[in-house]
Every structure is written in C-alpha cells, then in structure tokens.
1. Being more than 13 Å from the chain's Cα centre (by Cα) and touching a residue at least 60 places away in the same chain (Cβ under 8 Å) is the filter here, so list the residues in region 66-90 that pass it.
2. Would you confirm, using the coordinates I've provided, whether ALA48 is among the hydrophobic types (A, V, I, L, M, F, W, C), farther than 16 Å from PRO117 by Cβ and modelled with pLDDT of 95 or more?
3. Confirm whether LEU93 is more than 13 Å from the chain's Cα centre (by Cα), outside the structural domain of PRO10 (by TED's automatic domain parsing) and at pLDDT 95 or above.
4. Looking only at residues that are assigned to a helix (DSSP H, G or I) and hydrophobic (A, V, I, L, M, F, W, C) in region 24-67, which one is surrounded by the fewest Cβ atoms within 10 Å (Cβ to Cβ)?
5. Which pairs do you get when a residue that is assigned to a helix (DSSP H, G or I), found in region 93-116, comes within reach of a residue that is of a type outside the set (Phe, Trp, Tyr), reach meaning Cβ atoms under 9 angstrom, with the pair 6+ apart or on two chains?
6. Within region 1-18, count every residue that is free of Cβ contacts under 8 Å to residues at least 12 places away in the same chain and in a helix (DSSP H, G or I).
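The values are calculated or read from the model by the stated rules, or taken from the named source; none is laboratory data. None of the values given here were measured: they were computed from a predicted structure. Reconstructed Cβ throughout: ideal geometry from the backbone, glycine too, with neighbour counts over all protein chains shown.
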Amino acid sequence: MSTKIFVNLPVKDLGRSVEFFTGLGYSFNPQFTDENAACLVISDDIYAMLLVEPFFKSFTKKEVADATKTTEAIVALGVESRQRVDELVDKALSTGGLPANEPMDEGFMYVRSFQDPDGHLWEVLYMDPAAVQEQP
C-alpha cells in the first residue's frame, strides 16, 4: 500500500473554501465531507482536509494560527509542466486567491505561489525530471 498524506487546514468559511478549490478544478470526497470538514482530493494519495476552525481546534491543544498573519506551513504541489504551474496559479488568482511570492525560475525548476482565501500558502512547482537524480 502506498503512503497517503492528509494535510489538515483550518478554514473560516468552508463553503467559500470548497468553491475556491472547485474553481481550480479539484474535487471533494463526499464520504469525508460534511458541515465541519471537506476532503479536498489533490491526487490518489494526497488530500487536504479543510476543517472549520472549531472542529480543527478539537485536534490540538495549541492555538490555531491565523494564516493571514503567520505562516504555519507551505503546501507545495509538483505538477507535470511549467504550463500547468501557470494555469493553476492563474486560476487560483482569478478565483479569489492572492499572490504570495514572486515567481522563481531556476531553469530546471519553476515555482509560483498563491494564498488561498484563508491565507494558507500554496506553491506550485515544475521540476525537470532530467535534473532530478534518483537516490539509491
């Protein structure tokens, strides 16, 4: 069995978050979606659980970060081409996301970023497979 990753993110307005990510072309798993949470399907092995803040708080004893003021994490998504980087980030910006950092073009690696409606930072990157060496 492959390892799956579930990134849990607090959101203020679940409906707005679902609308934003649906606008980017993503879907949600209805089996794990209700009034407290929505399971964003990023790939067969990667999911983001968008949890309303009170529900998110039930999983931690720590204070919940306000992602519009502090950075708790940067979620980076690797995609298949530079064109896909631009498509996804342009869609995010036109669907209510905000710019995050300046684009980074290292030749073999191209990165752009955005903030979702709750201020979470997302990077979208393409890395030339010829530039990545296999690890033994």
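1. Matches in region 66-90: none.
2. So ALA48 fails the test.
3. The answer is yes for LEU93.
4. Within region 24-67, the match that is surrounded by the fewest Cβ atoms within 10 Å (Cβ to Cβ) is PHE32.
5. What qualifies is LEU93/PRO99; SER94/GLY23.
6. Matching residues across region 1-18 total 1.
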